[in-house]
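The values are calculated or read from the model by the stated rules, or taken from the named source; none is laboratory data. Just so you know, these numbers come straight off a predicted model, no measurement behind them. Don't worry about glycine lacking a Cβ; one is built from the backbone with ideal geometry, like all the others, and counts go over all protein chains shown.
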Amino acid sequence: MQEAKAASALNHPNIITIYDISSEDGTDFIVMEYVQGKMLDALVPRKGLRLNETLKLSIQMADALAKAHSAGIIHRDLKPTNVMVTDDGLVKVLDFGLAKLTEASDSGDERTLQSQTDEGTIVGTVSYMSPEQGEGKKVDARSDIFSFGSVLYEMATGQQAFHGDSKMSTLAAILHKDSKPVSEVKEDVPHDLEKIINRCLRKDPSRRFQAMPDLKVALQELKEESDSDTLVPAPGPQQTRHRRVIWGLGLIVLVCAVAVALRIERPPVKAPEGPLTAVPLTSYPGIEMQPSFSPDGNQVAFAWNGEKQDNFDIYVKLIGAGEYLRLTTHPAEDYSPAWSPDGRFVAFLRNLSEDKTAVLLVPSIGGSERTLAETADPLSVNNLPPPYLTWSPDGSSLVIADKDSAYEPFSLYLLSIETGEKQKLTFPPDKLVGDSGPSFSPDGRTLAFSRSVDGGVYDLYLLGTSEGLKPLGEPKRLTSSNRNTTYPVWTPNGQEVVFSSGFNNLSLWRVATSGIGRRRRPGSCHLSPWQPLGLQPIHY
């Protein structure tokens, strides 16, 4: 309905025509014009379109978007599969399903008429979205100009301007990297067209074209020069080869000079590494807690009670740059986020009542939530240490803290992502608070966790697991300090566990482990003495 209302508000030859919005026998439907042709992505060859065809189609797209923007409509999902080209070369822009409708207020500012998304929610197709769209910020017509630049880049070169091995790596490229220069991808693209594309793809919206009509005029002028043969051509292959030869010779000379200098000069003595320093990842008002790093280490998910400090939700932030992305907006408290091994999801807990908690999944770039199970509320026990869930290394399951009745201690359960079935992994003694803080070793064969001992404090235990994540024997005690030893995290090589220990003053420690699972008999382990960690570097 949003798509239909947005498109039906426009009347333009390059925008799909909506004839009717109706319902028949309980089925809603949209009647739109039939377009005989092909999607733009099917028309772009591997090496891109010819210059004249690129300009002809892009001018029509710019005209369509200029019309939409003048009516206060931002498309927000411009991409080749949302552009059709008829058999006689007429462009039709489709799918205003993510369109945001605005109108001018009395003060001259724009105000939202209709929008099903809030600031902090990512919408659109990752490969073509603008940086501000990727960060979940408010967008205006300049966001469409960035997307237009991405489509124009692909039309001219046959390659996407931004791409990666996953959605998150593509999004990171859009936020932090420049696209490969057009002239390096395709030699015969005119310099003036490359300048237009580069201006569209500026990260800062204020440095792009500020309005689609201006962009359309620039393309029209370029086409007029091309049609009249007055357009300055791109460097030809022969000229390019000469430049490469010159650069190559210069590089050889430089390498030789450096090599001679290195042989003459004495190699510098490597300076000793200094202590690591703590640097805050966030500096927002209120409380940020329970961080979880993405698999590539570029982002952190965390629970935060927000700008108004009124409710805990789950947020994601790129390390060192950019704004936060808010993943949840439920009025109940959300906490204990855990990033999936493939980086696609964040699992978390939501407090439903005094004794009930839900386990949910949400896409790490924003989207619909999915409830996996309901469990006992770990926050109902004052000193049960977080985190309360962790992923198995293969991404098939979560380990959660739960209990079958109010009179039992908390145990650890394996929760299937696919079926929601639970399998009990640990059986702590009665009259104890129980088990929490699970952490899988990198190979998935050992589970470290915190178990309450005498006096209500915690020590670390290790549980060997089989290839099917079945428990192997009884857990073995890893520490014996009786001083609240919690938050176990495995080192990347799986040889040590880093943890927090203490009462009023917590400090970081590490302990080496060996002999778990395949290396010795199931469930056995060898413990080395504790080593203080502090802020000193660890070498593996």
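For region 368-381, filtered to residues that are touching a Ser or Thr at 6+ places or on another chain (Cβ under 9 Å) and of a type in the set (Val, Ile, Thr), the residue that is modelled with the lowest pLDDT is Val381.
For region 172-200: of the residues being in contact with an Asp or Glu (Cβ under 9 Å, 6 or more places away or on another chain) and aliphatic (A, V, I, L, M), which is modelled with the highest pLDDT? Of everything passing the filter in region 172-200, Val182 is modelled with the highest pLDDT. Every test in (1) part of a strand (DSSP E or B); (2) closer than 26 Å to Asp342 by Cβ; (3) of a type outside the set (Phe, Trp, Tyr) is passed by Ser411 save one, and that test is (2). Any residue in region 319-326 that is in contact with a helix residue (DSSP H, G or I) (Cβ under 8 Å, 6 or more places away or on another chain), surrounded by fewer than 20 Cβ atoms within 10 Å (Cβ to Cβ) and not assigned by TED's automatic domain parsing to the domain that holds Lys424? Yes, the conditions are met somewhere in region 319-326.
No other residue among Thr375, Thr371, Thr357, Thr390 is in contact (Cβ under 8 Å) with a residue 40 or more places away in the chain and farther than 22 Å from Glu135 by Cα apart from Thr390.
Checked against the criterion of being modelled with pLDDT of 95 or more and surrounded by 15 or more Cβ atoms within 10 Å (Cβ to Cβ), the candidates Tyr388, Tyr413 yield just one match: Tyr413. Being at pLDDT below 90 and out of contact with any Phe, Trp or Tyr (no Cβ under 9 Å at 6 or more places or on another chain) holds for only one residue in Ile365, Ile319, and it is Ile365.
Remark: pairs (first residue in region 483-497, surrounded by fewer than 18 Cβ atoms within 10 Å (Cβ to Cβ); second residue outside any loop (DSSP other than H, G, I, E, B) and acidic (Asp, Glu); Cβ separation under 9 Å; 6+ apart in sequence or on different chains) = Arg483/Asp459. All conditions in (1) surrounded by fewer than 23 Cβ atoms within 10 Å (Cβ to Cβ); (2) modelled with pLDDT under 80; (3) not aliphatic (A, V, I, L, M) hold for Lys100, with the sole exception of (1). Among the residues of region 1-52, the ones that are hydroxyl-bearing (Ser, Thr, Tyr) and closer than 30 Å to Glu221 by Cβ come to 1 in all.
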